[in-house]
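The values are calculated or read from the model by the stated rules, or taken from the named source; none is laboratory data. Since the model is a prediction, treat every value here as computed from it, not as a measurement. Cβ: placed from backbone, ideal geometry, glycine included. Neighbour counts: every protein chain shown.
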Amino acid sequence: MATFLYRIGRWAFRRRRLVGGLWLGVLVLAVVAAAMAPEGKEEDLSMPGTESQKAFDLLDERFPQSNSQGAEARLVFRAPDGQRVTARENKAAVENTLGSLDGGDQVASTTDPYETGAVSEDGTIAYSTITYTADAVDLAEPTKSALEDAASQARDAGLTVEIGGSALDSEEEPGGTTEIIGVAVAAVVLVLALGSLVAAGLSLLTAFVGVAIAFGLVSALAVPLGLTSTVAILALMLGLAVGIDYALFITSRFRDERAQGSEPEEAAGRAVGTAGSAVVFAGATVFIALVGLGVVGIPELTKMGMGGAGAVALAVLVALTLVPALFGFFGRRVLSRAVRKEPSYRRSGSERPGSERPHPVPTAAGRPGLGTRWARFVLRRPAAVLLIAGLGLGAVALPALSLELGLPGDESKSVETTQRRAYDLLSEGFGPGFNGPLTLVVDMPASSGSGDTRATTDLVAKTVRGVDGVASVGDPVLSRGKDTAVLTAVPQTAPNSGETKDLVHAIRGAVSGVEADTGADILVTGTTAMNIDISEAMSDALVPYLTVVIGLAVLLLMVVFRSVLVPVKAALGFLLSVGAAFGVLVAVFQWGWAADLIGIEQTGPVMSLMPILIIGIVFGLAMDYEVFLLTRMREAYVHGASPGEAIVNGFRHSGRVVAAAAIIMISVFAGFIGMSSPTIQTMGVGLAAAVAFDAFVVRMAIAPAVLALLGHRAWWLPRILNRVLPNVDIEGEKLSRHVPASAAELDAAVPRLPVGRHRH
């Protein structure tokens, strides 16, 4: 691999105009395709195979005139202080408001609260349900405007009016102040780490190219593949983070090779052959983990995984080809200012960029760097460092034992939104469970008549009313064929509470006896039941997915480092960092610690998709730091250094770069915390915390401490595994014996390279 990538790096450096032109062409095509494509729309979260999803599918079949998962709005009216909504003037205002919606575009029906009894016991609050013929994502802007105008009409009459339901749901748009701040922090870190504005700009430029192409492709494929805004934001988040990091790693190695006396073209080849090998491995682990999210069975999670994996794959390709091409364009300006001032790097005005003669840079005999001093400190006190770091992460991870999964609803939105205020009004007037009604679908055998359906439905209603925790059960609605009935049960508790989860299971258990006696198929569904089913499916899939990811990590690292204990140490460290990240999520989003700082106004269960998503993403990112830090250690060890010297060598060469890469990634992820979407907020907090723990505690404290305690045993591999496992040469040992190819040899080799097929 190292030799192949070495040839790609040298070829990209020599053919920089061709490589740059190809990527510019791809970028233009992606932007044009995105601009011409129709706008993508959000889709309802579904979980094929669950009872609630089966019920939704059955409702669509038996009630074709309605859309079981169609848009719905609730106009919630509150009378002025001291008045009732049943007063004549208030009643007239409500009826006029609803009358303005009747017969509107996409409106299926509106309910009259005075006829349906949708008035609170104290008479101060009433609501009307407006159903639509289209899903929330397909509602036209005039339809939404008509709903808001109707609410304004009632407000003008003196009523307090809020709008709940899904009708006003909107997509989260990427871009904002906090994301810009995150990128700005990344830029500052790059300048400090590389000591060159050009080198920092190079990493940012290549990352932006990859992200722009990925974002353009996601936008262009949004409609045919059903990709949502969350997929686009995840692709943006991951593409920026790994794109900057991968470019940073290759740029840093290029500068090291130049400092050792290699000519620019040779340095580019060696940088791609060594650091590029690590980039390929790290990118492959992220790619596999994200694609593997498809095994969970949630379409939205599969799309998020595929979108993120595509962004990572593009980041790898850009790093391997465009980065060395830009080395050729920028020449010596990629080097730090201090290095460029060295007499050995000064060139005459007639030399072209990138054509300087190689001269080693004198190494200053000053004070060792921070990475070297830290490594030596750990070597002196490995047991203490391991104990403190391990116990610290364990303490942070303790809240994860209380992890509760759920899906955010209107209760998680800001109190400044009308949806949240409508939620609160309904809870006040009709009880907390009113915002999460349960739908029971009674499906009778084909041989049953309408009398059997009514009798069975009455029995179901009686049974459900007898279950503790049920506030009320509505009248049944029969299908046209009289073979299916629908009932609505209102819990006494809030939708995301543990009591409601227990109630769903209790109702399913209670109606199982009716199923046995009547032969009917009774399904419990609704948004609340669907959220519960998805959360439980995610919980069930968490341990198997984690097992697969850990097994994959151990296997891949065993191949890379030719060791048994190093992969085991890496996997256990990964578990610690992920556990600590889960602990932070519980503390912030369930317990409310520091919630005000990031604008979280309502605590509740952690977004059910987050644990598996964080595991999939952080797994690959953790392997990034493991590979880039330990490859230098193993490289020194196999060349005769002692275990302790190898650790110091790894931190001397890679410690600063890995720290910078981690800070960049944390900044990019943290930049998404300021978005209004609870899903994106949770993702930003979880990923930023996981990267911080993994990079600075696990890889820079626990890893060297464990290696110091293990000594030579850390790099032991049984003979049988040594013969069986392939040697991928990720450190580029073969390059140390490699004679630089001539220009003619490289040109002859171009047709064998994938990018070479684009030559004219």
Among (1) in the same structural domain as A622 (by TED's automatic domain parsing); (2) in contact with a Phe, Trp or Tyr (Cβ under 8 Å, 6 or more places away or on another chain); (3) within 28 Å of E300 (Cα to Cα) - the single one T547 does not satisfy: (2)
Going through S479, S497 one at a time, which residue ends up being over 30 Å from L425 (Cβ atoms) and not aliphatic (A, V, I, L, M)? S479
Considering only region 575-606, state which residues are in contact with an Asp or Glu (Cβ under 7 Å, 6 or more places away or on another chain) and part of a helix (DSSP H, G or I). S577, Q590
Selection from region 112-127 of residues within 42 Å of the chain's Cα centre (by Cα) and among the polar types (S, T, N, Q) yields S120
Quick check: anything in region 399-417 in contact (Cβ under 8 Å) with a residue 24 or more places away in the chain and farther than 25 Å from T527 by Cβ? yes
Among V460, V490, which is buried (at least 22 other Cβ atoms within 10 Å of the Cβ), touching a residue at least 12 places away in the same chain (Cβ under 8 Å), farther than 30 Å from G674 by Cβ and not assigned by TED's automatic domain parsing to the domain that holds G599? V460
What do you reckon, is L426 surrounded by 15 or more Cβ atoms within 10 Å (Cβ to Cβ) and out of contact with any Gly (no Cβ under 8 Å at 6 or more places or on another chain)? no
What single numbered condition from (1) among the small types (G, A, S); (2) touching a residue at least 40 places away in the same chain (Cβ under 8 Å); (3) out of contact with any Ser or Thr (no Cβ under 9 Å at 6 or more places or on another chain); (4) buried (at least 17 other Cβ atoms within 10 Å of the Cβ) fails to hold for A537? (3)
For region 600-628, which residues satisfy the criterion of being crowded, with 24+ Cβ neighbours inside 10 Å and either touching a His at 6+ places or on another chain (Cβ under 9 Å) or charged (D, E, K, R) (or both)? D624, E626
Out of the residues in region 629-654 that are under 32 Å from the mean Cα position of the chain (by Cα) and not β-branched (V, I, T), state the one that is surrounded by the fewest Cβ atoms within 10 Å (Cβ to Cβ). H653
Can you tell me which residue among G158, G210 is surrounded by fewer than 16 Cβ atoms within 10 Å (Cβ to Cβ), touching a residue at least 12 places away in the same chain (Cβ under 8 Å) and either basic (K, R) or more than 30 Å from G599 (Cα to Cα) (or both)? G158
Go through region 684-722 residue by residue and tally those that are surrounded by fewer than 20 Cβ atoms within 10 Å (Cβ to Cβ) and either of a type in the set (D, E) or outside any helix (DSSP H, G or I) (or both). 3
Residue check, A571 against (1) more than 23 Å from E626 (Cα to Cα); (2) without any contact (Cβ under 8 Å) to a residue 40 or more places away in the chain; (3) surrounded by 17 or more Cβ atoms within 10 Å (Cβ to Cβ); (4) of a type in the set (G, A, S), all met but one. Which one? (1)
Being crowded, with 18+ Cβ neighbours inside 10 Å and either modelled with pLDDT of 85 or more or not in a helix (DSSP H, G or I) (or both) narrows it down to one residue among N67, N96; which is it? N67
Hits in region 88-117 - residues which are touching a residue at least 40 places away in the same chain (Cβ under 8 Å), among the small types (G, A, S) and under 20 Å from T143 (Cβ atoms): S100, G104, A108
Applying the selection to region 161-207, what residues are surrounded by fewer than 22 Cβ atoms within 10 Å (Cβ to Cβ), under 30 Å from L75 (Cβ atoms) and either out of contact with any Asp or Glu (no Cβ under 6 Å at 6 or more places or on another chain) or at pLDDT 80 or above (or both)? I163, L168, D169, S170, E172, E173
Starting from region 505-520, take each residue that is within 19 Å of D483 (Cα to Cα) and list its partners that are of a type in the set (F, W, Y) and outside any helix (DSSP H, G or I), counting only C-beta distances under 7 angstrom and pairs at least six apart or across chains. none
Residue under evaluation I673, criteria (1) modelled with pLDDT of 85 or more; (2) outside any helix (DSSP H, G or I); (3) within 16 Å of the chain's Cα centre (by Cα), criterion not met: (1)
For region 428-443, state whether one or more residues are more than 30 Å from G469 (Cα to Cα), among the β-branched types (V, I, T) and at pLDDT 90 or above. no
Candidates L204, L227, L217 - the one that is closer than 26 Å to L613 by Cα, of a type in the set (A, V, I, L, M, F, W, C) and not in a helix (DSSP H, G or I): L227
